[in-house]
């Protein structure tokens, strides 16, 4: 006889199942509630733990944050380590799984030496599907999903699907169209020139931080 899990457990299992299914081709982890410091309204940032109007204004003025360590450096001038630790589950800039430092990975809420080791062992990650598979050897699906929201694998400008591009925070159908229009992409200078026709230099830099151009095979 098959036992039915308690209702809260069933709901959690369903949520994780839907998350994995809906992001099967995603390159940027699905957000589970943390604000993006590059996109969130100033008032919402100000309402977070340890924040205030002045500090939120400084966060907005410092955009874009191309790494989480850049945001941490700003907040470290006003907030203690403990305050930042309490804040980052609610305000976080995803880290590049394939090109980031130990210090930045350790800013991910709930990280420890064991997971730092596993994050680095499987580099380079081809996709978040690989991340899920490998991390799933050590932690359950709910914890994989929790960690996944804080990371990304760069989207290849020449081979990424529309769905991949749409997982980049703030990228909509217009950016999908522009990313596809200028294929094949050759270098960052071309990206700056072509995407710079539609958004300002800061937004170009933010978008570039989520993408890559793979070397021809």
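The values are calculated or read from the model by the stated rules, or taken from the named source; none is laboratory data. None of these values were measured; they are calculated from a predicted model. Because the Cβ atoms are built from the backbone with ideal geometry, glycine has one as well, and the counts that use them run over all protein chains shown.
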(message) I'm told residue 216 meets every condition in (1) in a loop (DSSP other than H, G, I, E, B); (2) without any contact (Cβ under 8 Å) to a residue 12 or more places away in the chain; (3) under 22 Å from residue 100 (Cβ atoms) except one. Can you identify the failing condition by its number?
(response) (3)
(message) I'd like to check something: does region 175-191 contain any residue that is in a loop (DSSP other than H, G, I, E, B), under 27 Å from residue 92 (Cβ atoms) and touching a helix residue (DSSP H, G or I) at 6+ places or on another chain (Cβ under 8 Å)?
(response) no
(message) If I ask for residues that are out of contact with any helix residue (DSSP H, G or I) (no Cβ under 7 Å at 6 or more places or on another chain) and under 15 Å from residue 89 (Cα atoms), which ones from region 33-71 would you list?
(response) 33, 34, 36, 40, 44, 47, 71
(message) Name the single residue that is nearest to residue 74 (Cα to Cα) among those in region 88-130 being in a helix (DSSP H, G or I) and in contact (Cβ under 8 Å) with a residue 40 or more places away in the chain.
(response) 128
(request) Kindly establish whether residue 55 is outside any loop (DSSP other than H, G, I, E, B), modelled with pLDDT under 95 and either out of contact with any strand residue (DSSP E or B) (no Cβ under 9 Å at 6 or more places or on another chain) or closer than 20 Å to residue 150 by Cβ (or both). (result) no
(message) Condition (residue is without any contact (Cβ under 8 Å) to a residue 24 or more places away in the chain, assigned to a helix (DSSP H, G or I) and in contact with a helix residue (DSSP H, G or I) (Cβ under 9 Å, 6 or more places away or on another chain)) applied to region 145-156: is it met by at least one residue?
(response) no
(message) Can you say whether residue 79 is in contact with a helix residue (DSSP H, G or I) (Cβ under 6 Å, 6 or more places away or on another chain), in a loop (DSSP other than H, G, I, E, B) and at pLDDT 95 or above, as far as the supplied structure shows?
(response) no
(message) Against the condition in contact (Cβ under 8 Å) with a residue 40 or more places away in the chain and not in a helix (DSSP H, G or I), how does residue 139 come out, does it pass?
(response) no
(request) Go through region 170-192 and give me each residue that's crowded, with 16+ Cβ neighbours inside 10 Å and within 15 Å of residue 205 (Cβ to Cβ). (result) 171, 175, 191
